[in-house]
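The structure is given below, and queries will be raised subsequently.
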Amino acid sequence: MQQKYPPAALEAAVQRDWAAREVYKAVETASRKKFYGVSMLPYPSGKLHMGHVRNYTINDVMIRQMRMKGFNTLMPMGWDAFGLPAENAAIAHGIAPAQWTYRNIAAMKKQLQALGLAIDWSREITTCAPGYYQWNQWLFLKMLEAGLVYRQTGPVNWDPVDQTVLSNEQVIDGRGWRSGALVEKREIPMYYLRITRYADALLADLDHLGWPESVKRMQQNWLGKSEGVTVAFPYHLDGQPQSLRVFTTRADTIMGIAYCAIAPEHPLAARLARARPALQRFLEECKCGGLAEADLATTEKKGIATGFFVQHPLTGQNIEVWIANYVLMRVGEGAVMGVPAHDARDFAFAQKYGLPIKPVIEVNGQAYSAARWNDGYAESGLCIQSGKYDGLSSAEAIKAVGADLKARGLGEPCTRWRLRDWGISRQRYWGTPIPMIHCDACGVVPVPRSDLPVRLPEDLVPDGSGNPLAKSAAFIDCVCPQCGARARRETDTMDTFVDSSWYFLRYACPGAAEMVDARVNDWMPMDQYIGGVEHAILHLLYARFWTKVMHGLGLVAFDEPAQNLFTQGMVLNQTYYREPSSGQRQWFNPAEVTPIFDDKGRLRGATLNADGQPVEAGGIEKMSKSKNNGVDPQTLIDQYGADTVRLFTIFAAPPDAPLEWSGAGVEGAHRFLRRLWTLGQQFAQAGVLAGSGQQTQPQSALRREIHQLLKQAEFDYQRLQYNTVVSAAMKMLNALDAALPDSADEANHAVMREGWSILLRVLYPVVPHISTALWQRLGFSAESGGALLDAPWPEIDSSALAAAEIDLVLQINGKTRGMLRVAQDAARSAIEQAALEHELFARFDQGKPPRKIVVVPGRLVNIVV
């Protein structure tokens, strides 16, 4: 055993042994209960970041401890390999996205393996591989047959220069992120999945999931179930009686309507704009800018009066129709009733265009004031200035208005959802080809299942000017499967959320000749899913939908993908920058900077190492490329070893809390491992760990402390508070260190041996390499006949927790005078006698005999004189 802790050589040797014996290859068995723990698969960007390390280490700790507790465990890994970043990199470097992606996967896999994670690499998945994405296409066709897929026109962000559709995130201040051109809103044909059919189940089944309440609320809000009323505003146009339909949850405010607003894409808007240049110009203006609701919420509210009126459904009053940029065609009916006194958005619009504002709800005895908006105006209250509804509560008025509208045939109560069907069409290259064919004679027809997969050519190099598939005759040209005529393949590819909606199912049955086979029901649903809270809505919602679809098609026996969800905290680090005269901040990595601290350890400034000149401290923020405040895990592994990186990541903060990076913390973790290594060597050399392990001092103080700490560690493992598990292990090491000078006392040897056995098993899930090496060096492998990873989790001995003696507070006339030590099982009479014989009683009895002795078991003795 080397005197100095050798992490690089030690970890390499341990990992070689694991690999040679394929110790993490999972096999289905009925003899042990399964535990399936999955971390959200990474995008192969080329380098691991500390967020990856934290996510996968948390999962690894969990898997290792559950294996020790007797579970049949599985921890797989894969790559979310399709997507826009690969195309952007390809454009920047002039290479095919496939080349960039596979190279990055190889690099990141090597980094993951260096961490010593308990991954079953035989189940590795790459979503850009035809063997995986063919099943995206296969299920798409199954869903098409089941009526869960349809094609219709939908709004997109269109870059007129790059001739491509942009995501909402690629639209910056209304312009394309790359070309800088004003983005247009266009309607193009796209494919949709009917997720709305599952809205009720997606909402109701949240109640049965062991997920954080915050995540459940986020999904509930995204689903957005609303109980309200559909209101019809009658009008005549082109000689025909028609109506403008509006959905509202606040029918109690109907008497305060000042205007109606319709979306620029509303059919009525197009009709009213005929021969009206001003309206046409406004509609064209509205085509520019992004489609994200978040963007629209902060965009200046603009509108134009049409001069066209609809009738109030209850009063018959004429209400002017406006076209407004803040109204979305895909939400509700694409029209809203403007009630400025009781809606912040309507208030801003009315203030801008001088529209009337009539308060009709009194909240907590206070009516609306025109001075400025108050969020309280949007709350429920009592109706005022509302005719027959005056004095009714909002709830009562909603029912009464709904009944009156229904009686007139101008409305009815209904339920609406914020959720919209999932548009999966992406006008991009690097994704799963949608398996449809366009034939002039037959229309749009599906690719026969026997022809799957529709392979994506991997040699195309995008240049930013549209989808390369649309320029590839080898891909587009095909034959119609129905009539045999020349036809064209669909060039749209699937949203990459499709790829990540079911990968955990494929992990369970690698190499299956079908999308999934019977093994999927052996492992699924996931016992624990781990990932960032940023995926709490779309990814998790789509994964739940995909699973429910597969359940409905009889492919799986469950309808939820994950029983439990854990969202780890972000990794934070200090930021530093300079702001040149150009105004564009230049960010410097903390490794390039020397911080300056005051005498209390507070950051007071910093200088750049390259020139010694000052830089500004930008505060603690999430590690990111944009702020250049990341830390390279591989550099740390090379310098300190994987166990140090793992230990710091686990110990620095609770797993669900933000982790603030600290170089001193990494050094501290490494010092602890060096001490662990040194003390293990000292104990071995002292010969105190030799022997059979027979317990000779079942109630020793050392053994009691070790088992108390084991009890705490087990409790913390169960609640996923791994940082305090490390604290318990550190205290165990301190206790064993204190016992080393007594190594001549052979009666303590068995206790020390048991203590080390427990310590190494408690630490093993967090720092598996050093624990494994010490386990073998200290003789536990030979004794148990197996490696540490197969050792059972240590059992808490309740008899060890019972102290041989206890300390009681000794009081005389109610005043605490000191402590009284007695046997744990001492009788009352013995406690009283010991108290009377204590030297403190002789000092404070005032020469008087005791009148009464009060004994509170396990706590105190009070002698009354």
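Select from the stretch 333-372 the residues that are touching a strand residue (DSSP E or B) at 6+ places or on another chain (Cβ under 9 Å), in a loop (DSSP other than H, G, I, E, B) and within 16 Å of ILE323 (Cα to Cα) and write down the one among them that is modelled with the lowest pLDDT.
GLU333
Could you say which residue among LEU456, LEU419 is within 30 Å of ALA403 (Cα to Cα) and part of a loop (DSSP other than H, G, I, E, B)?
When all the criteria are applied, what remains is LEU419.
Also: Among strands (runs of 3 or more DSSP E) lying entirely in the stretch 537-653, which contain 2 or more residues that are surrounded by fewer than 19 Cβ atoms within 10 Å (Cβ to Cβ) and not small (Gly, Ala, Ser)?
571-578, 586-588, 593-597, 603-608, 614-622
Are any residues in the stretch 95-127 assigned to a loop (DSSP other than H, G, I, E, B) and either assigned by TED's automatic domain parsing to the domain that holds PRO433 or farther than 15 Å from TYR429 by Cα (or both), and if so, which ones?
Taking the stretch 95-127 and keeping what is assigned to a loop (DSSP other than H, G, I, E, B), we get 95-96, 115-120, 124, 127.
Once the filter is applied, which keeps residues that are assigned to a loop (DSSP other than H, G, I, E, B) and either assigned by TED's automatic domain parsing to the domain that holds PRO433 or farther than 15 Å from TYR429 by Cα (or both), the stretch 95-127 yields LEU115, GLY116, LEU117, ALA118, ILE119, ASP120, GLU124.
To keep it simple, each residue is scored yes or no on (1) touching a residue at least 12 places away in the same chain (Cβ under 8 Å); (2) among the β-branched types (Val, Ile, Thr); (3) in a strand (DSSP E or B); (4) more than 26 Å from ASN136 (Cβ to Cβ).
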site	(1), (2), (3), (4)
TYR192	yes, no, yes, no
ARG197	yes, no, no, no
LEU202	yes, no, no, no
ASP207	no, no, no, yes
ASN221	yes, no, no, yes
THR230	yes, yes, yes, yes
TYR235	yes, no, yes, yes
GLN242	no, no, yes, yes
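Would you be able to say whether some residue in the stretch 59-76 is within 22 Å of THR126 (Cα to Cα) and hydrophobic (A, V, I, L, M, F, W, C)?
Among the residues of the stretch 59-76, at least one is within 22 Å of THR126 (Cα to Cα) and hydrophobic (A, V, I, L, M, F, W, C), which makes the answer yes.
Oh, and also: Look through ALA261, ALA269 and report the one residue that is farther than 30 Å from GLU396 by Cα and crowded, with 19+ Cβ neighbours inside 10 Å.
That would be ALA269, the only listed residue that is farther than 30 Å from GLU396 by Cα and crowded, with 19+ Cβ neighbours inside 10 Å.
I've got another one for you. Under 9 Å by Cβ, and 6 or more places apart or on different chains, what pairs join a residue from the stretch 621-641 that is of a type in the set (Val, Ile, Thr) with one that is part of a loop (DSSP other than H, G, I, E, B)?
Note: pairs meeting the criteria are VAL631/HIS49; VAL631/ASN589; VAL631/MET623; VAL631/TRP661; ILE637/LEU115.
Can you tell me which residue is farthest from the chain's Cα centre (by Cα) among those in the stretch 673-683 that are closer than 17 Å to VAL645 by Cβ and buried (at least 20 other Cβ atoms within 10 Å of the Cβ)?
TRP677
Then there's this: Just give me the residues in the stretch 423-446 being crowded, with 20+ Cβ neighbours inside 10 Å and either in contact with a Lys or Arg (Cβ under 6 Å, 6 or more places away or on another chain) or assigned to a strand (DSSP E or B) (or both), in sequence order.
Correct list: SER425, ARG426, PRO433, MET436, ILE437.
Give the stretch 520-536 a look and list any residue that's part of a helix (DSSP H, G or I) and out of contact with any Leu (no Cβ under 7 Å at 6 or more places or on another chain), or say none.
Result: ASN521, ASP522, VAL533, GLU534, HIS535.
Would you please name the residue that is surrounded by the fewest Cβ atoms within 10 Å (Cβ to Cβ), looking only at residues in the stretch 476-519 that are of a type in the set (A, V, I, L, M, F, W, C) and without any contact (Cβ under 8 Å) to a residue 40 or more places away in the chain? Lay out the reasoning, then the answer.
First, the residues of the stretch 476-519 that are of a type in the set (A, V, I, L, M, F, W, C): 476, 478-480, 483, 485, 487, 494, 497-498, 502, 504-505, 508-509, 512-513, 515-516, 518.
Still in the list and also without any contact (Cβ under 8 Å) to a residue 40 or more places away in the chain: 476, 479, 509, 512-513, 518.
Working: ILE476: 15, VAL479: 12, CYS509: 21, ALA512: 15, ALA513: 6, ALA518: 12.
So, considering only residues that are of a type in the set (A, V, I, L, M, F, W, C) and without any contact (Cβ under 8 Å) to a residue 40 or more places away in the chain, the one surrounded by the fewest Cβ atoms within 10 Å (Cβ to Cβ) is ALA513.
Each row is one residue, and each column tells you yes or no for (1) within 24 Å of CYS128 (Cβ to Cβ); (2) outside the structural domain of VAL27 (by TED's automatic domain parsing); (3) touching a strand residue (DSSP E or B) at 6+ places or on another chain (Cβ under 8 Å); (4) not β-branched (Val, Ile, Thr).
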| residue | (1), (2), (3), (4) |
| --- | --- |
| CYS478 | yes, yes, yes, yes |
| ALA485 | no, yes, yes, yes |
| ARG489 | yes, yes, yes, yes |
| TYR503 | yes, no, yes, yes |
| GLU514 | yes, no, no, yes |
| ASP517 | yes, no, no, yes |
| GLY532 | yes, no, yes, yes |
| LEU538 | yes, no, no, yes |
| MET550 | yes, no, no, yes |
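Let me ask you something else. For the stretch 535-561, give me each residue that is among the aliphatic types (A, V, I, L, M) and free of Cβ contacts under 8 Å to residues at least 40 places away in the same chain.
The answer is ALA557, and nothing else.
Name every residue in the stretch 189-219 that is within 27 Å of GLN427 (Cβ to Cβ) and among the basic types (Lys, Arg), in order of residue number.
Hits for the stretch 189-219 are ARG194, ARG197.
Results for (1) more than 19 Å from the chain's Cα centre (by Cα); (2) buried (at least 23 other Cβ atoms within 10 Å of the Cβ); (3) touching a residue at least 12 places away in the same chain (Cβ under 8 Å), shown as yes or no for each residue.
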position	(1), (2), (3)
ALA13	yes, no, yes
VAL23	yes, no, yes
LYS33	yes, no, yes
TYR36	no, yes, yes
GLY46	yes, no, yes
THR57	no, yes, yes
GLN65	yes, yes, yes
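Residue by residue through the stretch 813-865, note down the ones that are part of a loop (DSSP other than H, G, I, E, B), free of Cβ contacts under 8 Å to residues at least 40 places away in the same chain and basic (Lys, Arg).
LYS848, ARG851
Scan the stretch 128-146 and tell me whether some residue there is in a loop (DSSP other than H, G, I, E, B), at pLDDT 95 or above, within 24 Å of ILE650 (Cα to Cα) and of a type outside the set (Ser, Thr, Tyr).
no
For residues in the stretch 486-515 being part of a loop (DSSP other than H, G, I, E, B) and touching a helix residue (DSSP H, G or I) at 6+ places or on another chain (Cβ under 6 Å), which is nearest to ILE530 (Cα to Cα)?
TRP502
If I go through the stretch 81-94 residue by residue, how many of them are over 16 Å from PRO42 (Cβ atoms) and assigned to a helix (DSSP H, G or I)?
6
Name the one entry in ALA20, ALA13 that is in contact with a helix residue (DSSP H, G or I) (Cβ under 8 Å, 6 or more places away or on another chain) and at pLDDT 95 or above.
Step by step, each of ALA20, ALA13 is checked, and only ALA13 is in contact with a helix residue (DSSP H, G or I) (Cβ under 8 Å, 6 or more places away or on another chain) and at pLDDT 95 or above.
Quick check on TRP661: is it modelled with pLDDT of 95 or more and aromatic (Phe, Trp, Tyr)? Reasoning before the result, please.
Details: modelled with pLDDT of 95 or more: no; aromatic (Phe, Trp, Tyr): yes.
When the stated conditions are applied, TRP661 does not pass them.
The values are calculated or read from the model by the stated rules, or taken from the named source; none is laboratory data. The structure displayed is predicted, hence computed values, not measured ones. For neighbour counting, all protein chains shown are included, and Cβ atoms are generated from backbone atoms with ideal geometry for every residue, glycine included.
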